[in-house]
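The values are calculated or read from the model by the stated rules, or taken from the named source; none is laboratory data. What you see is a predicted model; the values in this text were computed from it and never measured. Every residue, glycine as well, gets a Cβ built from its backbone with ideal geometry; the counts of neighbours run over all protein chains shown. Just the protein is used for accessible areas: all its heavy atoms, side chains included, with ligands, DNA and RNA removed. Shrake-Rupley method; radii C 1.70, N 1.55, O 1.52, S 1.80 Å.
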Amino acid sequence: MPRPVLVEHALELPVTPDEVGRELLDLGATDHGDGTYTLPIEHDPAADGGLTAKVVANDDGTTRVDLVATNGIRLPFFHSIVTSVVAVQYELAVGRLAGQLEHRLAGAPEPRVKPVRRNPLLPPVPYTRTQAVGLATAGFAVAIATFGQAIVAQYSKPIQETFFGLHHTDLKLAVVLTVIRLGAFGALFGGVLTDRIGRRRLILLSLFGLAIANLLTAVSFDAVSFTVLQTLSRGCALTAVFAGSVIALEEAPERARGFATSMLALAGGFGFTFAVILLPLLGKGEKWRFVFVLSGLAGILTWRVGKFLKESPRFETVESMSIRRGRIGEVLGKQYRSRFILLALVGFLTNILSAPSSTYTNNYLSTNHHYSNLAILEWRTATTSWTGLIGLALAGALVERYGRRPTALVTILIGGIVRLVFYLTGGPFLWLASGLGDMMFACGFLAIATLNVELFPTESRGTSIGLVNVIGVFGSMLGTLAAGYISNNGAWGKALAICTIPTIIAAVCVVPFLPETKGRVLDEISPSGP
């Protein structure tokens with residue numbers, strides 16, 4: 001099958017083919033003997049990408065050089081997006097080579113094309129086709145799960161009116177949302193199963209369970225049935241997200257684990273954004289039920305995820321050995337106890353803000369600043385969506401260059417301070433603080449998520465994440481209840497500002513003590529053993 005061409009560029013040079021060939025060899029090309037030369041592409045994201053120069057003599061004594069950049073990776077998900085980003089990188093490489101040839105052989109001015117630098121949306125080291133397909137598939141599973149999980153938070157106000165009437169109280173909603181967060185305990189069970197029966201099976205089972213729970217939620221008749229179903233839904237969604245993270249990071253090349261985490265977070269951002277986009281259309285009355293129907297129907301895509309998702313080779317290796325898997329005792333044992341306590345503290349403290357913030361921000365904007373659903377969509381588009389995506393894209397590069405711990409400390413601290421400004425001000429500061437805060441938090445939380453996977457061995461990696469999530473859910477329950485209680489008269493800004501303080505404490509008092517894993521091999525950080 002021919003390899004798809006991403007970039008083409010033709011040159012006409014007033015020299016002979018032999019002169020062109022000599023210059024290409026001087027630039028590091030390989031001569032294949034038929035006028036064809038191949039060169040490596042700087043910062044090529046794929047192991048099988050290539051740049052070909054075809055040298056052909058013209059009748060008038062000049063030479064035509066056709067520069068073609070190709071890539072053989074075909075992805076089952078996000079292919080167009082990835083190909084577009086790769087094409088930009090290849091365009092830079094081809095443009096630089098063309099400029100060098102013209103300067104050397106045609107007397108053109110020295111090209112101003114700077115050395116090709118890696119796009120932060122591309123991995124720092126090449127991905128094989130198997131690794132790329134695995135990351136894209138895990139990302140698609142995370143996107144489905146994140147969409148299903150985001151609905152409650154984004155449509156909390158119409159859901160609140162449906163079950164509690166127009167004269168509702170914020171505290172009743174807070175109780176419902178707090179109970180729903182108990183779904184993290186189901187994720188703990190899922191984490192243990194992830195280590196015992198495999199990552200792939202748990203992802204597929206979780207996506208299927210999420211679809212069923214959200215379909216039934218669409219026809220829930222009271223607050224109790226809604227709460228029970230969404231508790232189950234949340235457990236399934238969390239399990240799919242962290243199992244997807246584990247399988248993607250275990251499959252990632254060394255020095256690209258931060259990148260893999262950022263790509264999964266970006267995929268989750270697509271799922272979240274889709275829920276937000278539907279808000280102006282389905283954010284009034286009982287139209288929120290249709291969003292749950294869409295999430296349920298997305299479960300049909302589970303079969304396609306299963307077609308391309310392969311089990312983690314690391315898990316298969318551990319499974320073939322006489323190593324006990326999924327042991328909570330190992331996570332809490334002497335070797336890993338301090339790591340777990342630090343990560344659990346970070347999760348607990350930051351969730352006191354992140355949970356009520358994700359759930360109540362729409363209420364804050366509509367109640368305290370009188371935003372309509374359309375205005376909320378415009379605000380999220382202008383601030384939350386693209387700034388968060390930029391933060392996630394930058395985070396993968398930051399954690400690999402500066403380390404996980406420094407990135408988390410600086411960005412979470414700045415994000416917490418900026419978020420205080422967001423909740424205590426209005427006007428232009430509301431937009432500026434939101435954009436900057438989301439960008440910082442995206443970087444910081446991604447660094448912590450990378451550590452969450454790296455700091456525990458393969459046989460207990462899912463179990464450890466499940467345990468950390470359980471501790472984090474206590475923080476989210478505390479924050480959700482506290483914000484609902486404080487703002488029971490509509491004072492959402494004050495309530496959410498108070499919930500921001502523990503996040504700042506986490507950045508200053510806990511993050512500095514986390515181990516640094518930058519540049520270390522995964523098996524060295526957390527080796528598997530009997």
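Every residue in region 217-232 that is open to solvent by 20 Å² or more (accessible area, probe 1.4 Å), of a type in the set (A, V, I, L, M, F, W, C) and assigned to a helix (DSSP H, G or I), please. ALA223, VAL224, VAL228, LEU229, LEU232 - these are the residues of region 217-232 that are open to solvent by 20 Å² or more (accessible area, probe 1.4 Å), of a type in the set (A, V, I, L, M, F, W, C) and assigned to a helix (DSSP H, G or I).
Taken together, GLY21, GLY72 contain a single residue that is over 17 Å from THR128 (Cα atoms), touching a Gly at 6+ places or on another chain (Cβ under 9 Å) and surrounded by 14 or more Cβ atoms within 10 Å (Cβ to Cβ), which is GLY21.
A quick yes/no check of all residues on (1) in contact with an Asp or Glu (Cβ under 7 Å, 6 or more places away or on another chain); (2) of a type in the set (A, V, I, L, M, F, W, C); (3) without any contact (Cβ under 8 Å) to a residue 60 or more places away in the chain:
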residue	(1), (2), (3)
GLU12	no, no, yes
ALA46	no, yes, no
HIS79	no, no, yes
GLU91	no, no, no
VAL94	no, yes, no
GLU102	no, no, no
ARG118	no, no, no
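Kindly evaluate LYS284 against the criterion of being part of a helix (DSSP H, G or I), open to solvent by 40 Å² or more (accessible area, probe 1.4 Å), basic (Lys, Arg) and touching a residue at least 60 places away in the same chain (Cβ under 8 Å). When the stated conditions are applied, LYS284 does not pass them. On the stretch given as region 311-344, residues that are among the small types (Gly, Ala, Ser) and assigned to a helix (DSSP H, G or I) total 3. Checked against the criterion of being open to solvent by 50 Å² or more (accessible area, probe 1.4 Å), modelled with pLDDT under 90 and assigned to a helix (DSSP H, G or I), region 400-418 has at least one qualifying residue. Taking THR273, is it within 15 Å of the chain's Cα centre (by Cα) and part of a helix (DSSP H, G or I)? So THR273 passes the test.
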